[in-house]
Amino acid sequence: MGHITLARWADWIVIAPASADSIARLVQGRTDDLLAALCLASESPLAVVPAMNNKMWSNQATQDNINILQSRNIHIIGPASGIQACGELGEGRLVETEDIVTELVCLMVPTKLQGKRVLITAGPTYEPIDPVRFIGNRSSGKMGFAVAKAALEAGAEVSLISGPVHLSTPSGVNRVNVETAQQMYDAVMEDIEQFDIFIACAAIADYKPEQVKNNKIKKTQHSDLKLNLLPTKDIVSTVAQQKIKPFIVGFAAETENVTDYAKQKLQDKKLDMIAANRVGEKIGFAVDDNSLHVFWPSGSQVLPLAPKTQLARDLMTLIIERYDAKDSTKNS
Ligand code: PMT
């Protein structure tokens, strides 16, 4: 039976645009067309995005119907106001598609981070060799920026410390730009005790040149050139050693033995969670899609291949679950 199959299949049902007639039919629980029938048969959450002439919208019948839908926990998105298809001006326009998506995401992701502060690092670091050269890596910042947006959608106040990337800041996120591992360390440690959750997504250089030359190293001066490298400070481990520390989520970028190395890092760096990904040519770094294997001390979950924007939301849902679980153990 088509309407039952669809009713069971959908995670969410969104009616956009929803006419005055569709709204009235939902109120009555009609079953004489597919849409009304599957809405009646489904237990999935339902969102209605009204679009109609402004007089039809403000009519008491429609307003009563909207109130009834809201009392049944059906989400109403919009309408917007402005010039309408009929040429009149007023309330009843369909909300822009992007705004519908944003509102749906806010409804789907538990807004459990209201009042919480989340600090995220993203992108690569550049470790200078001389005024024109540096040691860097392939991180584009896409994953970290997506995580920042997901944290914002979950209701958090979000700060993002970013290495050199070509991405625009998600609106509402407070961004600090840095270049080197030391600058990222300083920016993170500045007021880390103010944050509830720290997500270390940046690909920070593990080593930096011992000396930064004041002038460009000339090719003619050397037949072979050796760079002496010193370790950088491990930021996420330093945060984990603080007396007052946030819930800490690290990332692990590995080319082999992903699971073993990630579990080792979770333990060695004393993290609450670690999100492991395989990296290499056209995997993990810079691409739009990725998958993660997330570990925490008592469990793990695979987040399958998806656009980084979606992956970040799934990761955020998992972080919120583990954060809540840790919080309730602390308070019991
Ligand atoms: O930016 P994209 O192009 O979207 O790519 C995303 C990504 C591949 C960069 C991301 O998914 C990722 O894996 N980020 C972590 C990269 C990394 O440096 O992993 P690691 O295994 O070397 O480090 C482990 C953890 O220690 C990380 O949380 C890292 O931020 C942290 N670290 C590392 C070195 C250091 N000096 N200080 C640190 O805090």
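The values are calculated or read from the model by the stated rules, or taken from the named source; none is laboratory data. Quick caveat, the model's predicted, so the values are computed rather than measured. We place every Cβ from the backbone using ideal geometry, glycine too, and count neighbours over all the protein chains shown. Calculation scope for accessible area: heavy atoms of the full protein, side chains included, ligands and nucleic acids excluded. Shrake-Rupley method; radii C 1.70, N 1.55, O 1.52, S 1.80 Å.
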State yes or no: is Leu229 in contact with a strand residue (DSSP E or B) (Cβ under 7 Å, 6 or more places away or on another chain), more than 8 Å from the ligand (Cβ to nearest atom) and open to solvent by 30 Å² or more (accessible area, probe 1.4 Å)?
yes
Can you tell me how many residues in region 252-262 are more than 23 Å from the chain's Cα centre (by Cα), within 12 Å of the ligand (Cβ to nearest atom) and part of a helix (DSSP H, G or I)?
1
Within region 112-138, considering residues that are open to solvent by 10 Å² or more (accessible area, probe 1.4 Å), hydrophobic (A, V, I, L, M, F, W, C) and touching a strand residue (DSSP E or B) at 6+ places or on another chain (Cβ under 8 Å), the one farthest from the ligand (Cβ to nearest atom)
Ile129
When you scan region 271-279, do you find a residue that is without any contact (Cβ under 8 Å) to a residue 24 or more places away in the chain, in the same structural domain as Glu193 (by TED's automatic domain parsing) and open to solvent by 20 Å² or more (accessible area, probe 1.4 Å), even just one?
no
Go through (1) touching a residue at least 60 places away in the same chain (Cβ under 8 Å); (2) open to solvent by 80 Å² or more (accessible area, probe 1.4 Å); (3) more than 21 Å from Ala150 (Cβ to Cβ) and name the single condition Met108 misses.
(3)
Quick one: which residue in Lys216, Lys282, Lys269, Lys308 is among the charged types (D, E, K, R), more than 10 Å from the ligand (Cβ to nearest atom) and out of contact with any Pro (no Cβ under 9 Å at 6 or more places or on another chain)?
Lys282
Can you name the residue in region 179-191 that is over 17 Å from Ser139 (Cβ atoms) and open to solvent by 50 Å² or more (accessible area, probe 1.4 Å) and is also nearest to the ligand (Cβ to nearest atom) among such residues?
Gln182
Just give me the residues in region 232-248 being more than 10 Å from the ligand (Cβ to nearest atom) and open to solvent by 20 Å² or more (accessible area, probe 1.4 Å), in sequence order.
Gln241, Gln242, Lys243, Ile244, Lys245
Since Gly155 meets every condition but one in (1) modelled with pLDDT of 95 or more; (2) not assigned by TED's automatic domain parsing to the domain that holds Ile66, which condition does it not meet?
(1)
Arg322 being basic (Lys, Arg), touching a residue at least 12 places away in the same chain (Cβ under 8 Å) and open to solvent by 80 Å² or more (accessible area, probe 1.4 Å):
no
State which residue pairs qualify: first residue within 15 Å of the ligand (Cβ to nearest atom) and inside region 139-156, second residue aromatic (Phe, Trp, Tyr) in any location, beta carbons under 8 Å apart, and separation of 6 or more residues or different chains.
Ser139/Phe285; Ser140/Phe285; Met143/Phe251
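Yes/no matrix, rows are residues, columns are (1) within 16 Å of the ligand (Cβ to nearest atom); (2) surrounded by fewer than 19 Cβ atoms within 10 Å (Cβ to Cβ); (3) not assigned by TED's automatic domain parsing to the domain that holds Gly123:
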position	(1), (2), (3)
Asn177	yes, yes, no
Ala205	yes, no, no
Asp224	no, yes, no
Gly250	yes, no, no
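Give me the residue from region 139-155 that is over 11 Å from the mean Cα position of the chain (by Cα) and open to solvent by 10 Å² or more (accessible area, probe 1.4 Å) and, out of that set, farthest from Val287 (Cα to Cα). Spell out the reasoning first.
Filtering region 139-155 for residues over 11 Å from the mean Cα position of the chain (by Cα) gives 139-141, 155.
Now drop any that are not open to solvent by 10 Å² or more (accessible area, probe 1.4 Å), which leaves 139-140, 155.
Values: Ser139: 9, Ser140: 8, Gly155: 27 Å.
Filtering region 139-155 for residues that are over 11 Å from the mean Cα position of the chain (by Cα) and open to solvent by 10 Å² or more (accessible area, probe 1.4 Å), the one farthest from Val287 (Cα to Cα) comes out as Gly155.
Do you know which residues across region 159-175 are more than 12 Å from the ligand (Cβ to nearest atom) and of a type in the set (Ser, Thr, Tyr)? Don't jump to the end; show me each part of the working.
Of all residues in region 159-175, those more than 12 Å from the ligand (Cβ to nearest atom) come to 159-160, 168-175.
Ser159, Ser168, Thr169, Ser171 - these are the residues of region 159-175 that are more than 12 Å from the ligand (Cβ to nearest atom) and of a type in the set (Ser, Thr, Tyr).
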